[in-house]
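Written below as structure tokens is the structure these notes are about.
The values are calculated or read from the model by the stated rules, or taken from the named source; none is laboratory data. Owing to the predicted nature of the structure, the values given are computational and were not obtained by experimental measurement. Glycine gets a Cβ as well: all are built from the backbone with ideal geometry, and neighbour counts include every protein chain shown.
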Amino acid sequence: MLPKNELFIRRTYDLSRLGVQNVRSNPTVGSIIVKNNLILSEGYYKKYGGKHAEVNAFENIHRSQLTDNDKLNVTLYVSLEPCCIVGKTPACTDLIKQNSVTNVVIGSIDKTPKVDGNGVTILKNAGIKTLTNIEQIDGDQIAKTRNVFAIKQRPYITLKWAESANGFITSFGEQTIISNAFSKRLVHKWRSEHDAILIGTETARIDNPQLNNRHYFGPSPIRIVFDRTLKLPTSLHIFNDNHPTWVITESNKEYDIQHNEAITYIRFKFDVALLQNLTDYLYQKDIGRLFVEGGAKTHDAFIEAGLFDEVRIIKSNHMLKGGIKAPEIHHSPDLTIKMANDKVSFFYIS
Ligand SMILES: NC(=O)c1ccc[n+]([C@@H]2O[C@H](COP(=O)([O-])OP(=O)(O)OC[C@H]3O[C@@H](n4cnc5c(N)ncnc54)[C@H](OP(=O)(O)O)[C@@H]3O)[C@@H](O)[C@H]2O)c1
């Protein structure tokens, strides 16, 4: 059995994951309040701009459970360092001080520049016993999407593709199904956990995907598609419902289409700076997580630019006779052998 700090901090990690579909560029955070080894209350960050996990944990305490004396003796566990800046909500360090918490146990440090250890310092200076980096590897893993956004000033980028046993993503020029019911649902879950989903022109044209989340609960991401000259047929699914689609184009024109109000035209030169300009734009728009679903040229462009944080590969045990080779990952500024294990996950299906 894990020691109690580790056990309780793990509960905050479980809680933090409940927010993953709705926090956008903010971190997922879970928090619990403990007294005499009993959990008095729990909270998590539910929604972008909403109350922080610690606030929800405090609000969920049944006040009848606490005498004044008790108040001096509670421990707050939180998956991520409490914020010390007044943003959309007040600083959590103030709340913790006001509630006479005696101990704070933290999973991971928030790398947002104005926080980054300052929350811990404020608590310690207020005389609150503060422990950091408990079960840190998992805590950092949960915090990483926010930390990439805060430090690199771009969304956390996940590349995902499915490949045959012999390494092809498709037969030439046609849609090839390399998935099963389980992996399809899993991919829809992943979609629900990202703010935007991006595909290349050829994938839009050949596969005609709906690019939404239909097989899991939760939201669908904003759809993003490259269409340099606006040559894609306007009959495609992505242009024919009211869900937002962002079209990356060089053209000053617009599609002649019924649901044009759902389409945002983002105009960039299609030069070497395209992906950097696009990810800068997505940062400005508070897109915290970007899910890239291919095809090969699109993945290659992100890999070549070193613009990715994680790769998820669905590997089938079926062979294809030929077609488009799956991307190879050999170039990334911070991809080391060790990180390759962390970053690249294979999901085997049969
Ligand atoms: N197995 C899987 O997981 C999976 C996933 C997705 C797709 N696919 C398959 O992959 C095939 C399409 O792959 P693909 O490699 O031929 O095409 P793609 O990556 O879908 O689209 C590539 C096209 O997008 C446009 N583009 C503009 N800027 C780009 C940039 N920075 N990066 C990438 N593309 C940019 C270019 O079109 P212009 O030159 O016209 O401007 C380029 O030729 C389809 O058959 C599809 O079924 C398989």
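Any residue at all in segment 183-200 that's more than 27 Å from L274 (Cβ to Cβ), of a type in the set (A, V, I, L, M, F, W, C) and touching a strand residue (DSSP E or B) at 6+ places or on another chain (Cβ under 9 Å)? Yes: segment 183-200 contains one or more residues that are more than 27 Å from L274 (Cβ to Cβ), of a type in the set (A, V, I, L, M, F, W, C) and touching a strand residue (DSSP E or B) at 6+ places or on another chain (Cβ under 9 Å). The residue of segment 288-305 that is farthest from the ligand (Cβ to nearest atom), among those that are among the aliphatic types (A, V, I, L, M) and surrounded by fewer than 23 Cβ atoms within 10 Å (Cβ to Cβ), is I303.
Each row is one residue, and each column tells you yes or no for (1) crowded, with 20+ Cβ neighbours inside 10 Å; (2) of a type in the set (D, E, K, R); (3) more than 18 Å from T298 (Cα to Cα).
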position: S183; (1), (2), (3): no, no, yes
position: N213; (1), (2), (3): yes, no, yes
position: P219; (1), (2), (3): no, no, yes
position: F226; (1), (2), (3): yes, no, no
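Among the residues of segment 31-40, is there at least one that is touching a Lys or Arg at 6+ places or on another chain (Cβ under 6 Å), of a type in the set (G, A, S) and within 28 Å of K189 (Cβ to Cβ)? Let's see the steps before the verdict.
At the first step, the residues of segment 31-40 found to be touching a Lys or Arg at 6+ places or on another chain (Cβ under 6 Å) are 32.
Of the ones still in play, those that are also of a type in the set (G, A, S) are none.
The answer is no, given that none of the residues of segment 31-40 is touching a Lys or Arg at 6+ places or on another chain (Cβ under 6 Å), of a type in the set (G, A, S) and within 28 Å of K189 (Cβ to Cβ).
Restricting attention to segment 203-225, the residues that are of a type in the set (K, R), over 19 Å from L282 (Cα atoms) and within 15 Å of the ligand (Cβ to nearest atom) total 1.
Based on what the data block shows, is E261 assigned by TED's automatic domain parsing to the domain that holds I222 and either within 27 Å of Y48 (Cβ to Cβ) or without any contact (Cβ under 8 Å) to a residue 12 or more places away in the chain (or both)? Lay out the reasoning, then the answer.
Working: assigned by TED's automatic domain parsing to the domain that holds I222: yes; either within 27 Å of Y48 (Cβ to Cβ) or without any contact (Cβ under 8 Å) to a residue 12 or more places away in the chain (or both): yes.
It is true that E261 is assigned by TED's automatic domain parsing to the domain that holds I222 and either within 27 Å of Y48 (Cβ to Cβ) or without any contact (Cβ under 8 Å) to a residue 12 or more places away in the chain (or both).
Close Cβ contacts (under 8 Å, 6 or more residues apart or on different chains) running from residues in segment 165-187 that are among the acidic types (D, E) to residues that are modelled with pLDDT of 90 or more and within 9 Å of the ligand (Cβ to nearest atom) comprise E174/I206. Scanning segment 160-202 for residues that are more than 10 Å from the ligand (Cβ to nearest atom) and touching a helix residue (DSSP H, G or I) at 6+ places or on another chain (Cβ under 7 Å), we see that the one that is farthest from I314 (Cα to Cα) is A196. Tell me, yes or no, whether segment 75-89 has at least one residue that is at pLDDT below 95, among the charged types (D, E, K, R) and part of a loop (DSSP other than H, G, I, E, B). Among the residues of segment 75-89, at least one is at pLDDT below 95, among the charged types (D, E, K, R) and part of a loop (DSSP other than H, G, I, E, B), which makes the answer yes. Please determine whether any residue of segment 101-118 is in a helix (DSSP H, G or I), more than 16 Å from the ligand (Cβ to nearest atom) and more than 30 Å from K325 (Cα to Cα). For segment 101-118, residues in a helix (DSSP H, G or I), more than 16 Å from the ligand (Cβ to nearest atom) and more than 30 Å from K325 (Cα to Cα): present. Of all residues in segment 264-287, those satisfying the criterion of being more than 8 Å from the ligand (Cβ to nearest atom) and farther than 25 Å from N26 by Cα are Y265, R267, F268, K269, D271, V272, A273.
Among the residues of segment 11-36, those that are crowded, with 19+ Cβ neighbours inside 10 Å and assigned to a helix (DSSP H, G or I) comprise T12, Y13, L15, S16.
Any residue in segment 57-69 that is at pLDDT 95 or above and not in a loop (DSSP other than H, G, I, E, B)? Within segment 57-69, one or more residues are at pLDDT 95 or above and not in a loop (DSSP other than H, G, I, E, B).
Among residues of segment 1-21 that are closer than 14 Å to N133 by Cα, those with a beta-carbon under 8 Å from a residue that is aliphatic (A, V, I, L, M) and exposed (fewer than 14 other Cβ atoms within 10 Å of the Cβ) at least six positions away or on a different chain give the pairs L7/M1; F8/I39; R10/L2.
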